[in-house]
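Readers should treat all values here as calculations from the given coordinates under stated rules, not as data from a laboratory. Values in this document were obtained by computation on a predicted structure and should not be read as measured data. Neighbour counts are summed over all protein chains in view; Cβ atoms, including those assigned to glycine, are modelled from backbone coordinates with ideal geometry.
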Amino acid sequence: MNTVKSPDAPRVAVIGAGPGGLTCARILQRHGIAVTVHERDPGPDARDQGGTLDLHADNGQIALREAGLLEEFFRLSRPEGQEMRQLDPSGATLFHHLPEEDERFSPEIDRGVLRGLLLDSLRPGTVHWGRALRSLDGPAGESAGGPRKLRFADGSTAEADLVVGADGAWSRVRSALSPAVPAYSGVSFLEAWFHDVGTRHPEIAGLVGQGSAAAADGERGLFAQRNGGDHIRVYLIQRVPADWITAAGLAPGDTDGVRALLLERYRDWSPRLRRMIADNDGPYVNRPIFALPVPHTWEHDPAVTLLGDAAHLMPPLGVGVNLAMVDACELALAVRDHATVEDAVRAYEKTMLPRSAETARLLDGAAEQLLSTELPDFATEDSPSARRG
């Protein structure tokens, strides 16, 4: 049963309408706590929301259960997306995991679908669109109390007793707590899209199946992932300088030039896999991989905190959204359970910071693993991760 917070409950401002920020807002609202989400995008359909996500039973799904949305998530998700294949550059299958019919450990859901589920669960007017945070004013530091004033690029302002930075890798809220900035990992993704794959790209659809397929040769990698709506996204993974496209004398939008360069770099790969490089629909999207220092901590502020990538940006190895959502859940419940915002922030950070530091240490430099020719841990039939997907 939902609790009702007293009329003097804190005013919470969440910066960022991603899965973490929206999960935090949803759980706060379920417990009668006033919250506003400020998002820089002009609207929910302003841009592509990205690919598919797997929400794990031991973190992301716990947050959705607390949000009262778990059953709806299962209705919208794709458990068949837990299928995994590991290939070698010749296209031969090294490992193939097919999920059991009732397997629910980490079903896939498109990021846009998850965002829509969370947005629809909030009270009308909760999200203020077109609100890019410019500055966060007010007292700072461990002993500073009182509300914070938020100033936005459109000239508007707001006050909040608690400001939650859920604004991702390049968080503006983070700068109020920490001088840390993300550093380039040395590994870059280039994203390619394939639409109507059952009709237009049947061979690629067959290689990827209903889930994902990966291959690597030590210097280059490829990760293909089935999305909803008969789409596939392919991520071409390379150990390259961050400016590798312009260093080759190309513009990022020069699709033909980038394609020719990729085909040369992957020239020894099988023709079947090279189709995932050459047959994409539309331009490539460059995604260099950044990460925050390990561990990333900050001096306690009684009215400001961070969650998700704003707090602990790591390589994209299947944990980011799950950590963001469990962060969001724990923070919202801490606000519910403590008499003051300061006590809530302390309790939340006491759990979140060690957890994120431990995970970040495990993943520090792990983007390189995406290029390894060794089979990942899940590719063992008797490993727990293989059994549960």
So what is the relative contact order for region 183-291, in percent, with contacts set as C-alpha pairs under 8 Å and at least six apart?
41 percent
Whole-Hz ³J(HN,Hα) from phi, Karplus 6.51 cos²θ - 1.76 cosθ + 1.60, for region 44-50, glycine and proline x:
x, 10, 5, 8, 5, 8, x
Descending packing, highest mean Cβ count within 10 Å first, for 111-121, 325-335, 17-27, 309-319 is 17-27, 325-335, 309-319, 111-121
Projected onto the charge dipole of the chain (unit charges on the beta-carbon of Lys, Arg, Asp and Glu, signs +1, +1, -1, -1), the Cα from Ala311, Gly218, Thr126 with the largest positive-side position is that of Thr126
Can you give the angle from 0 to 90° between the axis of helix 341-363 and the longest principal axis of the chain, with both taken from C-alpha atoms, to the nearest 10?
20 degrees
I'd like the Karplus ³J(HN,Hα) series for region 270-279: coefficients 6.51, -1.76, 1.60, θ = phi - 60°, whole numbers in Hz, and an x wherever there's a Gly or Pro.
5, x, 5, 6, 5, 5, 6, 9, 9, 9
Label point distance in nm, Asp279-Trp170, each placed 7 Å from Cα along Cα→Cβ
3.5 nm
Dipole size in debye (nearest 20) for the chain around its Cα centre, Lys and Arg Cβ +1, Asp and Glu Cβ -1?
780 debye
Taking the chain as the reference, fit the longest principal axis to its C-alpha atoms, fit the long axis of helix 320-337 to the helix C-alpha atoms, and give the angle between the two in degrees, 0 to 90, nearest 10.
10 degrees
